[in-house]
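Step one of this worksheet: look at the structure below.
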Amino acid sequence: MVDNYSRYQKNLNLEDLFPVLSGVCACGCGNLLDNPRKKWYSNKCRDNSYIQFAIIKGNTGIIRKLLYQLDQGACRNCGVITPNWQADHILPVSNGGGACGISNFQTLCQDCHKEKTNNMVK
């Protein structure tokens, strides 16, 4: 089961997020399955589901790759582009922001990330 207060979902399985549904794509798109397909309507449905699963599970490599595609390494706070950018949970894990999709992540430079963290402690 998903724990929104944990950064990494060690015991999470693909079936927990995308169970096999009788005759309907497991990704949630609602498309009916054609024989011989048993779980995914298309390869795109399968691939997107695996990516979403990896993000929720906490795969930092996938998260960083997708976040870089979105922001090109530019800090969402100050706009500086740096190779040392950090992937930040917008809603912190301590507030239930763990086990989330890519929409809960943002690119921050080290200074902005440190400032955000320090402001949360106050």
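The values are calculated or read from the model by the stated rules, or taken from the named source; none is laboratory data. From a predicted model like this one, the values you see are computed outputs, not experimental measurements. Counting neighbours? That spans all protein chains shown, and the Cβs are built from the backbone with ideal geometry, glycine included.
Of all the criteria given as (1) modelled with pLDDT of 95 or more; (2) among the polar types (S, T, N, Q); (3) exposed (fewer than 14 other Cβ atoms within 10 Å of the Cβ); (4) over 11 Å from the mean Cα position of the chain (by Cα), the one not satisfied by residue 118 is (1).
Note on the range 73-122: residues that are outside any loop (DSSP other than H, G, I, E, B) and of a type in the set (Lys, Arg) amount to 2.
When the range 1-24 is limited to residues that are of a type in the set (A, V, I, L, M, F, W, C) and within 21 Å of residue 57 (Cα to Cα), the one that is surrounded by the fewest Cβ atoms within 10 Å (Cβ to Cβ) turns out to be 1.
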